[in-house]
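Notes follow once the structure below has been shown.
The values are calculated or read from the model by the stated rules, or taken from the named source; none is laboratory data. Here the structure is a predicted model, which means the values were calculated and not measured. Because the Cβ atoms are built from the backbone with ideal geometry, glycine has one as well, and the counts that use them run over all protein chains shown.
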Amino acid sequence: MNDLLPELCDQFEDNLILLNLPLSNYGQKVSFYGEVVTLRCYHDNSLVREALSQDGTGKVLVIDGNGSLEKSLLGDQLALFAEQNHWQGVIINGAIRDAYALSNIPIGVKALTTNPFKTEKRGGGEMQVSLNFGGVSIHPGDFIYSDWNGVVISTEALDLSVLV
C-alpha cells in the first residue's frame, strides 16, 4: 500500500507520533515499516555497516547523524548490504549518497538530502540508544511506518489487517 500513513492515522491516530523532518525518499521501496533499531553517529558510518550486517527481517534502522549534511552516512554498497540482510529500510537524520543507485535497490531509504562525500571510519557511534530528533523520542523496539506522506512512530506494532 503506497499511501499507508493516511490509513494508519485514520485508524490509530492516538497511537502515532509524527516525525517532523523534511525527509525525502531515495530507496525503491517507498512504503515500509518495522521494528526500530537505533544508531547515533556523527560523520562516521562504521557502525552502520555493523548494524546492517545483522538480520534485519521486519526491522528499520533509524540513524541520527545529528542532522549533519556534510558527510553521507549511507551509499549504494551499504544499501545493497541492507537489502541482502532483509532490512525493510533505513531512515537517516543526515545525508546519503549514490542517490540514483539507491532508487534501484528494493529497500526503503529516507534522508534529509544527498552529499557525495563519504564519512571517516573511526569506529565511533552508539547502537540501540534512545534518539531525539524531529520533535520526538525514538527508542529501540518502537515501530516506525513510512511512505510518501511522512514517517510516524508507535510504541507498539499496529494491526495492519484492519486497514481497508
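Tabulated results
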item	result
Those residues of segment 54-75 which are small (Gly, Ala, Ser) and either in a helix (DSSP H, G or I) or surrounded by fewer than 23 Cβ atoms within 10 Å (Cβ to Cβ) (or both), in sequence order	GLY58, GLY67, SER68, GLY75
Some residue of segment 114-135 being in contact with a Pro (Cβ under 7 Å, 6 or more places away or on another chain) and at positive phi	yes
Criterion violated by ASP3 - all others in (1) out of contact with any helix residue (DSSP H, G or I) (no Cβ under 6 Å at 6 or more places or on another chain); (2) more than 19 Å from PRO140 (Cα to Cα); (3) modelled with pLDDT of 95 or more; (4) not basic (Lys, Arg) satisfied	(3)
Selection status of LEU78, crowded, with 16+ Cβ neighbours inside 10 Å, assigned to a loop (DSSP other than H, G, I, E, B), on the phi < 0 side of the Ramachandran plot and not polar (S, T, N, Q)	no
Residue pairs meeting the criteria (Cβ under 8 Å; at least 6 apart or on separate chains; first in contact (Cβ under 8 Å) with a residue 60 or more places away in the chain, in segment 67-87; second surrounded by 16 or more Cβ atoms within 10 Å (Cβ to Cβ))	GLY67/ASN93; GLY67/GLY94; GLY67/LEU112; GLY67/PHE133
Residues that are part of a loop (DSSP other than H, G, I, E, B), closer than 19 Å to LEU18 by Cα and of a type outside the set (Gly, Ala, Ser), drawn from segment 113-162	HIS139, PRO140, ASP142, TRP148, ASN149, THR155, GLU156, LEU158, ASP159
Pairs with Cβ under 8 Å, 6+ apart, first in segment 137-164 and touching a residue at least 60 places away in the same chain (Cβ under 8 Å), second β-branched (Val, Ile, Thr) and outside any strand (DSSP E or B)	HIS139/THR155; PRO140/VAL129; ASP142/THR155; PHE143/THR155; ASP147/VAL30; TRP148/VAL30
